[in-house]
Each structure stands twice: as structure tokens, then as C-alpha cells.
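The values are calculated or read from the model by the stated rules, or taken from the named source; none is laboratory data. Since the model is a prediction, treat every value here as computed from it, not as a measurement. Cβ sites come from the backbone with ideal geometry, for glycine too, and all protein chains shown count toward neighbours. These area figures cover heavy atoms from the full protein model, side chains too; ligands, DNA and RNA do not enter into them. Shrake-Rupley method; radii C 1.70, N 1.55, O 1.52, S 1.80 Å.
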Amino acid sequence: MDNEVLKAIRERRSIRRFKPEQIHDEELKTILEAGTWAATGKGKQDSWIVAVQNKETCDKLRRMNAKVMETEADPYYGAPTIIIVFGSADWRNNIKDGSLVIGNMMLAAHSIGLASCWINREDTMFETEEGKQLLKDWELPDDIVGIGAISLGYASAHPHIVKPRKENYYRIIK
Ligand SMILES: Cc1cc2nc3c(=O)[nH]c(=O)nc-3n(C[C@H](O)[C@H](O)[C@H](O)COP(=O)(O)O)c2cc1C
């Protein structure tokens, strides 16, 4: 069987090269909206989504993430938009909920021709004083944790090699 959704699922790739130009507001809202429609444990909608397009703040996030990663490189690959997903520290489904929100947004991005890549280390970044200050600046609760982020923008290059899916990935027990 095949359809547009299945095709998008198959063809979405992690993109690590972005054009500097910013995406349109309508595109961003479409992607954020797709995140909000993710299934959530107990239907609690406990995730928070923050889309950062302000250059200074994006650069701060790049520095914070690079520090955790112990690199000089930009872990967000120069993407003009960085979307961070948070969840309540004490909610047992926080990582599962947030991961599904991120998955929805990556798929939505691909489906409208945008490039994205899941980026790690926001858990550690937002445990720091700098991270906690950002939560305050964004008027978010202070008892939340970073689940993950996506780099978002227009692709300037696509991966040449697509890793095949492993054998025995799934099995059907009848
Ligand atoms: C939980 C998780 C964390 C990831 N962290 C990073 C990351 O920090 N940097 C990065 O470049 N890619 C990251 N990725 C992207 C993976 O490397 C990528 O999904 C994988 O290589 C498969 O490629 P595909 O997304 O094109 O299918 C992450 C993906 C997941 C699901």
C-alpha cells in the first residue's frame, strides 16, 4: 500500500545543511500545529514547544549546546529556526510525549518541503543557570526539562546515502 503520508514517512531525512534564509511564518505555524496534534499520555498535552528565530537567542542556543557537546562547531547546523520541546520534570511520559511532538513536526516539515534534524542535549542545556534564565524569559514554568530540539529551515544539501533499514526490524506474531 502507498499514499502521501507513507511516502513522507519513508522519504523524510535528517538534513544537516541549511540555507540562511528564514522560513515563512505560515510554514512555521503549520509545523508547530502538527506538533500540537501528537498523541500524548493520558491526553495531558504536557509538552511545551518554543520556536526560536531571534538571531541572538539562536546563537546563544548554539553556544550552549556546543558547550555541552564540547565542540566549536554549531550543533544546530546554522538552521535559521530552532524549535525546542520541553516536558514537566515530574511527568512520567515527558520524554515519550515530547518525542512524538518532535516526530510529528519533522514529518510535517518534510511534507511541506522544509528540512529538519533532531538535535540532542537540551536536557543538559536547560539545567544550567543560562538555560533556567531562558525559561524565565520565555515565561515557562521552572520545573520543566528539555526533551529535544529540531533544526529547521530550507535544505542547502541533502544526504547522498540513505541507510537501509536493518533486517529483522519487525516481526509479526500470528
Ligand atoms: C533521539 C535522537 C537524537 C538525535 N540527535 C541528533 C543530534 O544531536 N545531531 C544530529 O545531527 N542528528 C541527531 N539525530 C538524527 C539521527 O542521527 C538520524 O535520525 C539518523 O541518523 C537517521 O537518519 P534519518 O533521520 O535521515 O533517517 C537524532 C535523532 C534522534 C531520534
Could you pull out every residue, at least 5 positions away or on a different chain, whose amide H is within less than 5 Å of the one on residue 81? Hs are placed 1.01 Å off N in the peptide plane, and Pro or chain starts have none.
152
Could you name the lysines whose alpha carbon sits less than 17 Å from that of residue 132, not counting residues in the same chain fewer than 8 places away?
60, 67
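On average, how much accessible surface per residue is there in the chain, in Å², for a 1.4 Å probe, leaving out ligands, DNA and RNA?
Values: 11280 Å² over 174 residues.
Roughly 65 Å² per residue, with all protein chains present.
Name the trypsin sites (Lys or Arg not before Pro) in segment 61-125 that are in a loop by DSSP and that have at most 12 other C-beta atoms within 10 Å, would you? The partial results should precede the final answer.
Values: sites: 62, 63, 67, 92, 96, 121; in loops: 92, 121.
Of the trypsin sites (Lys or Arg not before Pro), the ones in loops of segment 61-125 whose Cβ has at most 12 other Cβ atoms within 10 Å are 92.
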Hey, what did segment 32-153 get for relative contact order, percent, Cα under 8 Å, at least 6 apart?
34 percent
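How much of the accessible area of segment 72-118, in percent, comes from carbon and sulfur atoms when a 1.4 Å probe is used? Numbers along the way, then the final one.
On the way: 1020 of 1800 Å².
Summing carbon and sulfur atoms, their accessible area is 56 percent of the total for segment 72-118.
Compute the convex hull volume of the Cα atoms of segment 32-153, divide it by the residue count, and report the result per residue in Å³ as a whole number.
Numbers: hull volume 11.4 nm³, N = 122.
Measuring per residue, one finds 93 Å³ for the Cα hull of segment 32-153.
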I need the phi-derived Karplus couplings for segment 167-174: 6.51 cos²θ - 1.76 cosθ + 1.60, θ = phi - 60°, integer Hz, Gly and Pro marked x.
5, 6, 4, 9, 9, 10, 9, 9
Dipole axis of the chain (+1 Lys, Arg; -1 Asp, Glu on Cβ), positive-most option in 133, 45, 144
45
Quick one: which residues, 5 or more positions from residue 18 or on another chain, have an amide H under 5 Å from its amide H? H modelled 1.01 Å from N in the peptide plane, none for Pro or chain starts.
156
Quick one: what are the phi-derived ³J(HN,Hα) couplings along segment 131-139, Karplus 6.51/-1.76/1.60 with θ = phi - 60°, whole Hz, x for glycine and proline?
x, 5, 5, 4, 4, 5, 4, 8, 6
Max mean-square fluctuation residue, GNM over the chain, Cα-Cα springs under 10 Å, options 142, 25, 74
25
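Scan the chain and report its longest stretch carrying no GluC sites (Glu not before Pro) that are both in a DSSP loop and have at most 15 other Cβ atoms within 10 Å.
73-126
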